[in-house]
Structures are given as C-alpha cells and as structure tokens.
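Read the figures in this text as sums done on the coordinates, not as results from a lab. What you see is a predicted model; the values in this text were computed from it and never measured. Cβ sites come from the backbone with ideal geometry, for glycine too, and all protein chains shown count toward neighbours.
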Amino acid sequence: MAMLDFINRILGKESQSSKSVAKERLRLVLVHDRASISPHLLNALKEDLIKVISEYMEIDQSALEVNLNSEDNSVALIANIPVIKMKRNYAEQPETNQPTAS
Amino acid sequence: MGEVIVITSGKGGVGKTTTTANVSTGLASMGNKVVMIDTDIGLRNLDVVMGLENRIVYDIVDVTNGNCRLKQALIKDRRLDNLFLLPAAQTKDKTAVSPEQMKELVKTLKKEFDYIIIDCPAGIEQGFKNAIAAAERAIVVTNPEVSAVRDADRIIGLLEAAELREPMLVINRLRPEMVKRGDMMNIFDVEDILAVKILGVVPEDESIVVSTNRGEPAVLDMSSRAGQAYRNIVKRITGEDVPLMNLEAADGFITRIKKLFGVK
C-alpha cells in the first residue's frame, strides 16, 4: 500500500492530499455546528431578511423558512419566502408611509 | 493579584494535562508563584504527570466541603518551591464542586499567587463549567485532526458565550513529516478554520512520554523539542514576543520532484 502511494505520488496521481480532505470536511461540518449550536444566529438573520425584503414586497412572514442545506461539498442558505404583493413604484415613492399632500 | 488561566479542549486526550503541567512548571521556573488546580474530579491525573501522587492528603472537595484549610490541601512541587498543586478528588463526581465554590476558591488563591492555572476535564458538562467559572483567560488545546479541531471550535463558542473572549490556541502533537507530505493539517490550516490566535505549536515528541513516565515535565528538559515549544509558550503567556518554532524543514525529495514537474 505504501509502495502504491509512493508510485501514485511520484506520478502525481493522488487525487487530493488527505489534509485538504480534512480541511474541507471540517469547513462544512463547522458551518452546521455553528448554525445549530446558535439557533439565535439563524433567527437574527431571518428577522433582518424580513426587514429588508419588506421594503420591496409584502411577504408572508409566518410561512418564511430559512435553512442551511448541504450537498456533497457545499452548504447553501435556502430561504423560502412567500410573496403576497409587490410594492408599486418603489423607486419613485420611497416614502410610501408618508401622507401625500393634497 | 494573580492571573487565572483555564486550559481546556473539549476532546479528551489532546494534551490538556500535559500542557497544564508544562505551562505551570515553566511559569514557576521563571520565578512566578504558580498554583495548578486539577478540576477533573473522578479522573485526576495532573498529580501523576507532575510526579506528586504520593503526597496527596487532601483534595479540592475537602477544601470546598470545609474538611481542611486551603493551605493544607496545596502540595508543593518536588523541584520548584514556588509551584503548588491543588489536586482533584478521585472518589467524588464532577458535581461535588459548584461554579460559585470555584470562584470563591480562586479569589482566595489570587491574593497569593501570580498565576492560577486550571486544568479542565474533557467534555462540556458540569466539570467544564466549574473549570471556566473563575477563569480570566483561556488556552484551548487541540491536535491537527478533524475531531479535535471540531471540538475546539465548539469550546471556543462556549467560551465566548461565557464572556471568555479571544482564547489562545495550542496546537499539540503536530507531526512535521506528515504535514510535509500533505497528510496533516498545518498551523495555518487550523488557524484559518478556528480563526483564533495561536499561542504555540508543540511537535509530537517521544520525550513527552518519557517525562510523563518519570513524572517530570518536559519543559525542564533542555534537550526536548516539545519542552522547547512549551518554553516558548510560557514566554508568550508572559508577554514576550517569540516567533513560532520552525517545524517544517525544507521540502522533502518527493515534493521537490513534484514541483519540478509542476504536479500539485
């Protein structure tokens, strides 16, 4: 086995050093560890998302879902945000809450 | 007033007790008055690592229960007059001491000692909470392998939640020849993942086994590589700026051949 490793290494055939595998696996597992250990983090993110998105559209806050999904070698933040209504002419009327002068 | 440092890791067997023994002995050999507290109740080991197992009369639980005075339970080191050990109890469990009792105990010790070094048990339960309750700084010990680094990350999170910010990391049992062939994470890999300051790197060294066999900390052995690494760590704790030891010598033959042919 050691000989085979040696030959592979000479020929540059080793796919990836075990150190990079370790580092990559750690990176992924720590994303999950940190998120699940501090649910507070995801909740804070959720609140901020609602705040930002609500400036542009009306969303169903109760049905909003934010999760971390992992594929083989990546983690993605997946947000499912049901939209109820788009705000009209956002750019033209940035202060929609202001009463309009007659 | 003394400084209170807890030595912790999450995972067992990474070298907390060895680090506690060497850091404490090193600090004492520089002239500081040092006391070590073994908080691993039920699984005490700092006494044997220090070679003081035959001198124990009272332990930490005797002190917190009021069976003896604190002074009576402190064991003076065989080599250094200014180094003391407060041993853990072997027959009780980890709930025998409370975080409040630890704080009280440390408060008393701070008046007399320059450094109070607390050896934390493995795990994140009561024993860990006791050990960190009175600490002002934390040293996290890890090994360059996935399970130890993962646990270190968890511990760093828990320390931060307990207001112990900016822990210092000791990477223990690093094997330069494995790092060289890409089969072990190096200092920068671990630093990158954990994003904390590195206090020191200790190479895997047979002299640690020998010194533990004898009950004599390697930090006093001038020929030991690990001892040298611990001496550097001690200097950094006291504020001296010492560069990291060069553990990774020049590239090996294979690396050079591969570089020659542009193989990554």
Quiz item: Under a GNM of chain B (C-alpha, springs under 10 Å), which listed residue has the highest mean-square fluctuation: B:V49, B:V61, B:V146?
Solution: B:V146
Quiz item: Per the helix-only calculation at 222 nm, which mean residue ellipticity applies to chain B, given -39500 (n - 2.57) for every DSSP H run of n ≥ 4 and division by its residues, nearest 500 deg cm²/dmol?
Solution: -11500 deg cm²/dmol
Self-check item: Net charge of neighbours whose Cβ lies under 15 Å from the Cβ of B:A122, counting Lys and Arg as +1 and Asp and Glu as -1
Solution: +1
Exercise. Compute the distance in nm between two label points, each set 7 Å from the Cα along the Cα-to-Cβ direction, one at B:E160 and one at B:Q72.
Key: 4.5 nm
Self-check item: Within-13-Å neighbourhood charge of A:P39 [Cβ basis; K, R +1; D, E -1]
Solution: 0
Quiz item: Relative to the Cα centre, what is the charge dipole magnitude of the protein assembly as shown, using +1 at the beta carbon of each Lys and Arg, -1 at the beta carbon of each Asp and Glu, and rounding to the nearest 20 debye?
Solution: 740 debye
Quiz item: In whole Å, what is the distance between the alpha-carbon centres of region B:1-74 and region B:200-217?
Solution: 18 Å
Exercise. Would you work out which of B:V48, B:P99, B:Y115 lies farthest towards the positive end of the dipole of region B:48-123, given +1 charges on the beta-carbon of Lys and Arg and -1 on that of Asp and Glu, about the Cα centre?
Key: B:Y115
Self-check item: Test item: B:172-184 mean partner chain Cβ contacts at 10 Å
Solution: 2
Quiz item: Using alpha carbon centroids, what distance separates region A:17-62 and region B:103-156, in Å?
Solution: 29 Å
Quiz item: Tell me, what ³J(HN,Hα) does each residue in region B:73-87 have, in order and in whole Hz, if you take phi through Karplus 6.51 cos²θ - 1.76 cosθ + 1.60 with θ = phi - 60° and put x for Gly and Pro?
Solution: 8, 6, 9, 7, 5, 6, 9, 10, 6, 9, 10, 10, 10, 9, x
Quiz item: Per residue of A:66-74, how many C-beta atoms from partner chains lie within 10 Å of its own C-beta, taken as a mean?
Solution: 0
Self-check item: For chain B, built as a Gaussian network whose Cα springs stay under 10 Å, the top-fluctuating residue of B:G51, B:G31, B:G182
Solution: B:G182
Quiz prompt | Helix axis angle, B:16-29 relative to chain B longest principal axis, alpha carbon, degrees | solution = 80 degrees
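Roughly how big is region B:25-97's charge dipole about its Cα centre, with Cβ charges of +1 (Lys, Arg) and -1 (Asp, Glu), in debye to the nearest 20?
Dipole magnitude for region B:25-97 comes out near 220 debye.
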Practice problem: Give the order of A:M86, B:M30 when sorted by the count of other beta carbons within 10 angstrom, beginning with the fewest. | Solution: A:M86, B:M30
Quiz item: Label points 7 Å out from Cα along the Cβ direction at A:L77 and B:A195: separation in nm?
Solution: 1.2 nm
Practice problem: Amide H neighbours of B:I118 under 5 Å, at least 5 residues apart or on other chains, H built in the peptide plane: list them. | Solution: B:I5, B:V6, B:I7, B:I37
Exercise. With both partners inside the protein assembly as shown, how many of the DSSP beta bridges are antiparallel, as a percent to the nearest 5?
Key: 30 percent
Quiz item: Once phi is turned into ³J(HN,Hα) by the Karplus curve 6.51 cos²θ - 1.76 cosθ + 1.60 with θ = phi - 60°, what whole-Hz value does each residue of region B:172-179 show in order, with x for glycine and proline?
Solution: 9, 6, 6, 10, x, 5, 6, 4
Practice problem: Enumerate the lysines that B:K92 could reach by cross-link, defined here as Cα to Cα under 17 Å, with residues fewer than 8 away along the same chain left out. | Solution: B:K129
Quiz item: Across peptide B:157-167, what mean number of C-beta atoms from other chains lies inside 10 Å of a residue's C-beta?
Solution: 1
Practice problem: Enumerate the amide H contacts of B:V202 below 5 Å, restricted to partners 5 or more residues apart or on another chain; note that Pro and chain-start residues carry no placed amide H. | Solution: B:I171, B:N172, B:R173, B:L174
Quiz item: Short version: ³J(HN,Hα) in whole Hz for each residue of region B:62-68, in order, from phi by Karplus 6.51 cos²θ - 1.76 cosθ + 1.60 (θ = phi - 60°), x for Gly and Pro, what are they?
Solution: 4, 5, 5, 7, x, 6, 8
